[in-house]
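Peer 1: Please read through the structure below; I'll follow up with questions.
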Amino acid sequence: MFCVFMLAVSVMYLNIKKIKYREILSVNCPNNIKGVMIISLSVFLSGALSVLFKSLFKILRPENMLVFESGYSFPSGHTAMIFAFCFSVIFVLFKYFKDHNHWFLNYLHSTLFISIALLVSFTRLVLQVHRYIDIVGGIVLAAISTFLSIKIYYTITKYVDFKVFK
């Protein structure tokens, strides 16, 4: 559900900025639009891959959960999506917004985002709805989905001919 929400927010952002959809795939696209697309694609991929892997592995949740959760356990979808969001935001910060005067803010924001992601993962363990391996699987899945989203975005922007859209 969060994946669909992220895509909807990115489409709303593009409509507010009055960006034409073919300009999103342009190499000369503004950095904030590139960032929105990479972050949205990363969160969407992590959610989709999480659902796919849950249905493939079919590992049941721990029996002594403090709250009721249905579905399968591995990998943790909450962990995968929050870490995918954090990894992609950190990539965008250091790739597109590297101002030499404010480099400390990038490190401060990165630390804040990773701390929040670790807190979300820790709460999943405290509530006993996941095992440690589920959390680690979610973090690995987030790293893979962030890497794939970056590669997909740059491949599309590099090879798409914009005359097709005109």
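Peer 1: Taking 0.36 nm per residue of separation and subtracting the Cα-Cα distance, what length does fully extending I114 through A48 add?
Peer 2: 21.6 nm
Peer 1: Also, I was wondering about something else. So if each residue of separation counts as 0.36 nm, and I subtract the Cα-Cα distance between N106 and I133, what length gain in nm does that give?
Peer 2: Numbers: separation 27, 0.36 × 27 = 9.72 nm, distance 2.99 nm.
Computed gain between N106 and I133 is 6.7 nm.
Peer 1: Follow-up. Apply 1/(1 + (r/R0)^6) to the Cβ-Cβ distance of L125 and L56, taking R0 = 35 Å, and write down the FRET efficiency to the nearest 0.05.
Peer 2: On the way: r = 23 Å, r/R0 = 0.65.
With a Förster radius of 35 Å, E is 0.95.
Peer 1: Peptides 71-78, 51-58, 143-150: what's the order by average Cβ count within 10 Å, highest mean first?
Peer 2: Values: 71-78: 21.9, 51-58: 13.4, 143-150: 19.6.
The packing order, highest mean first, is 71-78, 143-150, 51-58.
Read the figures in this text as sums done on the coordinates, not as results from a lab. Bear in mind that the values here come from a model prediction, so they are computed numbers and not experimental data. For neighbour counting, all protein chains shown are included, and Cβ atoms are generated from backbone atoms with ideal geometry for every residue, glycine included.
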